[in-house]
Amino acid sequence: MTFLHPIVAKVTDRIIQKSLKSRAAYLDLMARQRDAGTNRGNLSCGNLAHAFAASGSDKPTIRAQSAMNIGIVTAFNDMLSAHQPYGRYPEQIKIFARERGATAQVAGGVPAMCDGVTQGQAGMDLSLFSRDNIAQGTAIALSHAMFEGVLHLGICDKIVPGLLIGGLRFGHLPQIFVPAGPMPSGLANKEKQRVRQLYAEGKVGRSELLEAESASYHGAGTCTFYGTANSNQMMMELMGLHVAASAFVNPGTKLRQELTRAATHRLTEIGWDGDDYRPLSRCVDEKAIVNAIIGLLATGGSTNHAIHIPAIARAAGIYVDWQDFADLSHVVPLLARVYPNGSGDVNHFHAAGGIGFVVRSLLDHGLLHGDILTVHGSMADYASEPMLVDDQLTWQSAAAITRDDSMLRPADQPFSPDGGMRLLTGNLGRAIMKTSAVTEDRWTIEAPCRIFHNQDDVLAAFQAGELDQDVVVVMRFQGPRANGMPELHKLTTPLGVLQDRGFRVALLTDGRMSGASGKVPAAIHLSPEALPDRDGVGGPLAFLQDGDWVRICAKSGSVTALVDADIWSARTAANAPPPALGMGRELFNHYRLLADDAERGGSAMLAAMELTI
C-alpha cells in the first residue's frame, strides 16, 4: 500500500464519518436517476423529435440511440478573455465526437461574469450568487435527459464551481471539464502592481494606469496571475476531472486543440455502456475533495476556494469545514510561488514543471490520495506533461527536478513547511487568513480599528491621510446575506501602500478579499457575518466600534476584540446599511435571504436543497 501521511488520512476519515448519511443518500439518488431512465431511452417519440430536429448530419445517429450523445454546457462569451476561446469549441467537439462514432449538442449556456471587470463596481454584488445561478443553468441544460456524457466549458471564478455543483446533481453521467488555457505573459504582475500603487498615491494618472493594465491583460485566455480562475484549473487537475496536465496550455495552439480532442474521445470511453464507467458522482468523493484542498494549499491558491470547496462538496453529499483546511495546512508544504505569492505568473509556473511536478512531488511524499477515480486514468497519470510528437498528442512523465526553484520546489525542499491557510477563532467568530504571501513578522497585528461599510469610504479615508497609522481596517456587512459578499479588491492597493509606509496594517471583514490576496494580512470570510440571520442573530462584528483594539494572529489562530467583557455586553449591534438597488441586485434578494455562512459555502441554493433531501 502506498504511504499516506497520517494527518491526510485522519482528516479524510473525519470527513467520511461526518458525511456518512448525506453521502449515502446522494449516491442512492444518483443510482436511482440512472436506473429510472434519466436518459434518452425514457423519452417519447415527440420528445426525441424535438431534441434532434436541427441536428443535421448527426440526426440519424441521435435518432438511432446507438452511440453516446455528449451534452456541451458552455460559458462562452467574447467579452471575457478567458471564455472567448470557447466560441469555436462546440464546432470542434462535434467533429471530435464523430471521430469516435458519437454525437454532441450544445445543451445550454451559463453566464460567465468576470470579477476583474466588476471589482469595486455594483455588479460585483451579483458575483458569488452567480455560482448558484450557473449551477441551476447547468441543471436546466441537462434536464432534457438527452445526454450520456457531458463536457463543461468554463474556466473562471464562479463558473467552474457552478458547473461542477450543477453537474453533480446529474452525477450518474460521466463528465469532463475542458479548459481553454491562460493568455501569454504580458506586463509583469509586479510592475502592474507598482503602477497601481503609484496611481493610488496620485503619482501617475489614469492614462498611465490604463496602459499598464492593458499591457497585463492583453489577449485571449485567463489572467496570468494565480487567482481564482487559475486555482480552479489546478483544482480540476487534482480532482482528476481534466484530461491530464491540460490546465495551463495557451489558447490557439495545436496542443490546446489536441487536448480538447482527447477530452472528447476520452468521454466516449467512460460511459455506462462500456467496461470503464466513470460517473461524476464516483469521481468526486471524499478523497477527491481532500486532494482539492491539498492542491490549494500546496500551490498558494485562491482563498475563494475556502468557500467554493465546501459548496462543491455539499452538492456531492460531503461535508468539509475550515478546520479540515487548517489541519491539512499544517502538514502540506508550499511548493509554488506564483504571483501574487511570487514574481512569476502561471506560464512561468507551467514552464518550471507546473501541476505535473506538484502532483508528482505530493504523491512521492504521501501527501495526496493516489487512488481516486479520475476521468483520465489514475492520479499518477496527472504527474505528466502533454506534448506533440509528429503532431500526435502524448504525455511524458513530469519533471523530477524543478526547472526554476524560484517558482517551484519539491515537497522536501518547500518554500514553507506550511500550506499558508490559517483558521482564526475568537470572540469575533471564525475567519481564515492566507499567509503564503505575508511576511512572518506581520502574521500578528494588534491595533485600533477603523470601521467602514463600503470600500469607497476606505479610499476616501486613505486619501485624506486618516489611515496613516497602525490600524485594523474593518469592513463589515459584506457577507452573503448583506450584499452578496463582493470581493474587496479596491482595498488591496491602499492597504499595501500603508504597509509600505511602515505602518502595521490588517484587514478584518465578513466579506471576501481578492482571489489573489497579497502581502497585507487579511482575516476574511468572518462568520457569522454581521447582518442578522433569519432568526435575528447577527455576528459579533456588528458590536465592534471605532477605536476598539483588535488582535489578529495567524500564529495562535486568533481573531479577537480586546474589549472589556462588561463594556461589550452593554453594547447594541450597529445597524446595517439598507440593501442596494439597481444593477439587477434586487433580483437576487431571495439568494441573500436564504444564504448560509461562508464556511458552509455561502449558498442559498444548497441551503434550500438540503431541506428537501
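The values are calculated or read from the model by the stated rules, or taken from the named source; none is laboratory data. Bear in mind that the values here come from a model prediction, so they are computed numbers and not experimental data. Methodologically, a virtual Cβ is constructed for each residue, glycine included, from the backbone with ideal geometry; neighbour enumeration extends over all protein chains shown.
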Search the stretch 408-425 for residues being out of contact with any helix residue (DSSP H, G or I) (no Cβ under 7 Å at 6 or more places or on another chain) and closer than 12 Å to residue 554 by Cα, and hand back the single one that is surrounded by the fewest Cβ atoms within 10 Å (Cβ to Cβ).
425
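Select from the stretch 389-417 the residues that are acidic (Asp, Glu) and assigned by TED's automatic domain parsing to the domain that holds residue 298 and write down the one among them that is farthest from residue 549 (Cα to Cα).
Within the stretch 389-417, the first condition is being acidic (Asp, Glu), and the residues that meet it are 390-391, 404-405, 412.
Those left that are additionally assigned by TED's automatic domain parsing to the domain that holds residue 298: 390-391.
On the way: 390: 65, 391: 63 Å.
The selected residue is 390.
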List the number of the failed condition for residue 602; all other conditions in (1) in contact with a Phe, Trp or Tyr (Cβ under 9 Å, 6 or more places away or on another chain); (2) in contact (Cβ under 8 Å) with a residue 60 or more places away in the chain; (3) within 20 Å of residue 452 (Cβ to Cβ); (4) in a loop (DSSP other than H, G, I, E, B) hold.
(3)
Of 145, 51, 97, which residue is outside any helix (DSSP H, G or I), of a type in the set (A, V, I, L, M, F, W, C) and touching a residue at least 40 places away in the same chain (Cβ under 8 Å)?
145
Residue 163 passes all but one of the listed conditions (1) at negative phi; (2) in contact with a Lys or Arg (Cβ under 6 Å, 6 or more places away or on another chain); the exception is number (2)
Looking at residue 212, is it farther than 30 Å from residue 480 by Cβ and either touching a Ser or Thr at 6+ places or on another chain (Cβ under 6 Å) or assigned to a helix (DSSP H, G or I) (or both)?
yes
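Only one residue in 82, 49, 25, 107 is of a type in the set (Gly, Ala, Ser), over 27 Å from residue 134 (Cβ atoms) and either in the same structural domain as residue 232 (by TED's automatic domain parsing) or at pLDDT 95 or above (or both), so which one is that? First the steps, then the outcome.
Details: 82 fails: over 27 Å from residue 134 (Cβ atoms); 25 fails: over 27 Å from residue 134 (Cβ atoms); 107 fails: over 27 Å from residue 134 (Cβ atoms).
Among 82, 49, 25, 107, only 49 is of a type in the set (Gly, Ala, Ser), over 27 Å from residue 134 (Cβ atoms) and either in the same structural domain as residue 232 (by TED's automatic domain parsing) or at pLDDT 95 or above (or both).
Answer yes if at least one residue in the stretch 355-371 is at pLDDT below 95 and buried (at least 20 other Cβ atoms within 10 Å of the Cβ), and no otherwise.
Restricting attention to the stretch 355-371, the residues satisfying the condition of being at pLDDT below 95 are none.
There is no residue in the stretch 355-371 that is at pLDDT below 95 and buried (at least 20 other Cβ atoms within 10 Å of the Cβ).
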What number goes with the only condition from (1) free of Cβ contacts under 8 Å to residues at least 40 places away in the same chain; (2) out of contact with any Phe, Trp or Tyr (no Cβ under 8 Å at 6 or more places or on another chain); (3) part of a loop (DSSP other than H, G, I, E, B) that residue 186 does not pass?
(2)
Tell me whether the stretch 564-585 contains one or more residues that are under 25 Å from residue 120 (Cα atoms), touching a helix residue (DSSP H, G or I) at 6+ places or on another chain (Cβ under 6 Å), basic (Lys, Arg) and not assigned by TED's automatic domain parsing to the domain that holds residue 457.
yes
Are there any pairs with C-beta distances below 9 angstrom linking a residue in the stretch 222-242 that is modelled with pLDDT under 95 to a residue that is of a type in the set (D, E, K, R) and assigned to a helix (DSSP H, G or I), with the two at least 6 apart or on different chains, and if so which?
225/192; 227/115; 228/115; 229/115
